[in-house]
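What follows is a set of notes on a single structure, which appears directly below.
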């Protein structure tokens, strides 16, 4: 189980108010406030960031470097925003937690390079399995999350099944060995599994743990 969920589950509410998340909102709202200063003939001149340079800064703030998915900090912000919207308009909303099975064993057997390949491959599977309006995150060393606006539990289950099937069907080669990777998945939905962030994530975490305790390579929800 990812250390993120166990160590930070009670800090999600507070995380939204951190300087980091205020910076995310500010960067996205107005890129022209972020300027670089250069010296021209001894004078300091402010220059608006180019689109390309701005995207690099924005990516560093909200993206996971290894997988390119959104990171844990952005996860807390989007979760709060989407849940608030779902409450306001009385619309469904689902959370999927994905944890790679037996990653510690694989790391001991094949090393960091293979585990990095596994995480990158899983990131590609997640992004190819969701809609443009959904959000995929890496929230721990071996754990991912997906936020699905306007999605009931039954539809989220279809997405989870798709991810589970794609994960076990794509092997990774390490030297002379072919490694089959699987994932455990927990799914919780608003409002049936909770109306607050902590409740919803606690339910998703519980379902994820049930999937792992049952041997992995499966989905748990109700």
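Rule-based calculations on the coordinates, nothing more; no lab input. These figures come from a predicted structure and were not determined experimentally. Every residue, glycine as well, gets a Cβ built from its backbone with ideal geometry; the counts of neighbours run over all protein chains shown.
Scanning the range 121-142 for residues that are assigned to a helix (DSSP H, G or I) and free of Cβ contacts under 8 Å to residues at least 40 places away in the same chain, we see that the one that is surrounded by the most Cβ atoms within 10 Å (Cβ to Cβ) is 129.
Among the residues of the range 153-163, is there at least one that is in contact with a helix residue (DSSP H, G or I) (Cβ under 7 Å, 6 or more places away or on another chain) and more than 11 Å from residue 96 (Cβ to Cβ)? So far as the range 153-163 goes, no, none of its residues is in contact with a helix residue (DSSP H, G or I) (Cβ under 7 Å, 6 or more places away or on another chain) and more than 11 Å from residue 96 (Cβ to Cβ). The listed residues are 118, 96, and the only one of them that is crowded, with 18+ Cβ neighbours inside 10 Å and more than 29 Å from residue 196 (Cα to Cα) turns out to be 118.
Residue-level check: of (1) within 23 Å of residue 214 (Cβ to Cβ); (2) not in a strand (DSSP E or B), residue 145 misses just (2). For the residues 210, 150, 165, the requirement of being touching a strand residue (DSSP E or B) at 6+ places or on another chain (Cβ under 7 Å) and surrounded by fewer than 18 Cβ atoms within 10 Å (Cβ to Cβ) singles out 210. In the range 149-208, of all residues being in a helix (DSSP H, G or I) and without any contact (Cβ under 8 Å) to a residue 40 or more places away in the chain, the one that is nearest to residue 76 (Cα to Cα) corresponds to 199.
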